[in-house]
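The values are calculated or read from the model by the stated rules, or taken from the named source; none is laboratory data. Bear in mind the structure is a predicted one, so any value in this text is a computation, not a measurement. Neighbour counts are summed over all protein chains in view; Cβ atoms, including those assigned to glycine, are modelled from backbone coordinates with ideal geometry. Just the protein is used for accessible areas: all its heavy atoms, side chains included, with ligands, DNA and RNA removed. Shrake-Rupley method; radii C 1.70, N 1.55, O 1.52, S 1.80 Å.
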Amino acid sequence: LSLHAALPILALGAVRFTTPPARAAQAVPGARLSAEHDFVMWSLSGQAKAFPGGDELAARTAPELLAVARDMTGSWHRQLRGLVEAAEPAETCYVRVAIGQRPPPREPAQVTLVGDAVHAVSPARGSGANLALADAGILSRELARCAAGEVPLRTAIGAYETEMTAYAFAAAARS
């Protein structure tokens, strides 16, 4: 599924604590954790045009945002609606997510970028972390070629940037 969809997408995630939150908070002086027990997290995602008010939702209060989510899911299956209906209004928030745009072609330099610094993606599905790890693997391979005297530094960085740009921005478009 794509967050570029005109219709909203409901994402669900089970949050299960391996350490009870109260005990985990004791391990870090001053830490405050709002969750008291395991829970189901949901998010309603999509293009701004999929939501009434679009980016103006950022100015809405948490209860108003929850009311929008309830309205938008009102015709959905009762079990899905039930998750939204059971939400705590104070735990509802608006997060605008944008993806990175492909940079214009350039000559490789002695400095390059990896991860979200060059190709920010939706936080869904761990895409950003997976892309950053792929970047690191490719960049380390190319730098090893440079260190072995096989290619000059700018050539190694150029090879990394060419390969990274091809897969990372395709992934960003799917995120």
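The residues of the stretch 1-94 have, on average, 70 Å² of accessible surface per residue, using a 1.4 Å probe with all protein chains present. Heavy-atom accessible area with a 1.4 Å probe sorts Arg78, Arg23, Arg141, largest first, into Arg78, Arg23, Arg141. Looking at the stretch 70-158, the pairs of alpha carbons with a distance over 21 Å make up 56% of the total.
Largest first, the residues Glu88, Glu163 sort by 1.4 Å accessible area into Glu88, Glu163. Taking the accessible area of the chain, probe 1.4 Å, and keeping the other protein chains in place, the carbon and sulfur fraction comes to 58%. About the centre of its Cα atoms, the chain shows a dipole size close to 180 debye [charges on the beta carbon of Lys, Arg (+1) and Asp, Glu (-1) only; nearest 20 debye].
Projected area of the stretch 1-91, taken from the Cα convex hull and averaged over every viewing direction, in nm²? The Cα convex hull of the stretch 1-91, projected and averaged over all directions, gives 7.4 nm². One Cα centroid belongs to the stretch 99-175, the other to the stretch 24-92; the line between them spans 34 Å. Pairs of Cα atoms in the chain fall into 5 Å distance bins, from 0 up to the last occupied one, in shares of 1, 7, 12, 13, 13, 12, 11, 10, 8, 6, 3, 1, 0 percent. For the stretch 69-78, backbone phi angles converted through the Karplus equation (6.51, -1.76, 1.60; θ = phi - 60°) give residue-by-residue couplings of 4, 5, 5, 5, 9, x, 9, 7, 3, 4 Hz, Gly and Pro being listed as x.
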